[in-house]
Amino acid sequence: MKIRQFGDTGLFITPITFGAWEIGGQPFYKDMPEYDSIALITEAFELGINFFDTAPVYGFGQSERVLGKAIKRFRDKVVISTKCGLRWKDNSLAAIYKDASKKSILQEIDDSRKRLDTDVIDLYLVHWPDVNTPIGQTIETLETIRDQGKIKYYGLSNFSTQQIDQAALYGSISALQSPYSMLNLKIENSELPYCIDNRIGVQAYSPLHRGVLTDKTIDQLRDSAEPAINWILDSMTEQQGRKVLGLKEISRHYGCPFASFVTAWTIASPGITTAIIGTTKPQHIREAVAAASIVLSADDTLAVRNIIGGS
Ligand SMILES: NC(=O)c1ccc[n+]([C@@H]2O[C@H](COP(=O)([O-])OP(=O)(O)OC[C@H]3O[C@@H](n4cnc5c(N)ncnc54)[C@H](OP(=O)(O)O)[C@@H]3O)[C@@H](O)[C@H]2O)c1
């Protein structure tokens, strides 16, 4: 896979990132045997993926712990992004709350380094805006831990352009992690052009719209009964369903799984540095890696745009 520079940082990453939310298990997904998660991450690395995204809240520490164990042998060859600012009072969905204060981040960074079994986090993101903490306090704390050598770069996740601009008054923002897919183009209006102009690396999350933009049927997705998938299905519209059918028609020109076609489109989209693919299955990691070799024709790119709308 061709390596890309992440924004204007010294990080060089693959256009496909392994998303480690799914392997974290409860309360968002079904628990997965640790052995299988480690085998999956190892396979992702062996297939050429060098970027791994996780967060403390994924499985309440489980995702970070397993990722740390899995990459131990090849830590110096991979880039890790993890996050701060989402805490939990007990191990239930209802107990999750936002806290991006100095006190919280100073605690969280050491907890993440310990769980990931690594001295330095390559990229550290504020998971969600925290309206109860002045953004200056959050960014100044990130500057401090960067100067202490605990992180290399930091960025923001789920922030609007206005919020990024405000944060940038206090330090150097290197990354934006946001939802982006053929069914969710919102960041094209403002955040993507802003990141291009300011050389901020963009990690597109939910590029497969949590499984909707794959060969899985809606019934199969519903049967999985996983909360994170049901949230997306509950917000699906009939118009989105029609778009998926049209996109599947175009994907047939490439003789590949629909997910590979969708991923190929995502990583070719202007401003997108990498697509984070979440999966629990080796076959789906292979389909993600295969996407890096697929080039959509100009006609098909236009045909996709005619279906999905946007810019
Ligand atoms: N910053 C944030 O707030 C935020 C929010 C959400 C996600 N993320 C990050 O982004 C990553 C990915 O996002 P996501 O999990 O929301 O969505 P996604 O990658 O769009 O979709 C994940 C779902 O698609 C399925 N899938 C993957 N490849 C497939 C294939 N080739 N064929 C059929 N199904 C396939 C997976 O099921 P299988 O297990 O069956 O493959 C999984 O349920 C996460 O792991 C996480 O690292 C960040």
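Among the residues of segment 48-68, those that are assigned to a loop (DSSP other than H, G, I, E, B) and either within 13 Å of the ligand (Cβ to nearest atom) or farther than 19 Å from P15 by Cβ (or both) comprise I49, T54, A55, P56, V57, Y58, G59, F60, G61. Those helices (runs of 4 or more DSSP H) of segment 250-311 in which 3 or more residues are in contact (Cβ under 8 Å) with a residue 60 or more places away in the chain and farther than 22 Å from S81 by Cβ occupy 298-308. Here S206 passes the criteria (1) out of contact with any Phe, Trp or Tyr (no Cβ under 8 Å at 6 or more places or on another chain); (2) near the ligand (Cβ under 8 Å from one of its atoms) except the one numbered (1). Pairs are defined by a Cβ separation below 7 Å, a sequence spacing of at least 6 or placement on different chains, a first member in segment 186-214 that is at positive phi, and a second member that is part of a loop (DSSP other than H, G, I, E, B) and within 14 Å of the ligand (Cβ to nearest atom); the pairs so defined are H209/L183. Given (1) more than 26 Å from I200 (Cα to Cα); (2) touching a residue at least 12 places away in the same chain (Cβ under 8 Å); (3) of a type outside the set (A, V, I, L, M), where does K103 come up short, assuming only one miss? For K103, the failing item is (2).
The one condition from (1) under 22 Å from E287 (Cα atoms); (2) surrounded by 16 or more Cβ atoms within 10 Å (Cβ to Cβ) that A39 does not meet is (2). For I200, are the conditions met, namely being touching a Ser or Thr at 6+ places or on another chain (Cβ under 7 Å), more than 14 Å from the ligand (Cβ to nearest atom), at pLDDT 95 or above and not acidic (D, E)? Yes, satisfied. In the set (1) more than 25 Å from F18 (Cα to Cα); (2) out of contact with any Phe, Trp or Tyr (no Cβ under 8 Å at 6 or more places or on another chain), the condition left unmet by I250 is number (2).
Could you say which residue among D130, D110, D36, D122 is in a loop (DSSP other than H, G, I, E, B) and either within 14 Å of the ligand (Cβ to nearest atom) or under 16 Å from I145 (Cβ atoms) (or both)?
After applying the criteria, what remains is D130.
The values are calculated or read from the model by the stated rules, or taken from the named source; none is laboratory data. As the structure is a computational prediction, the values presented were derived from the model and not from experiment. Here the Cβ is made from the backbone with ideal geometry for all residues, glycine too, and neighbour counts use every protein chain on show.
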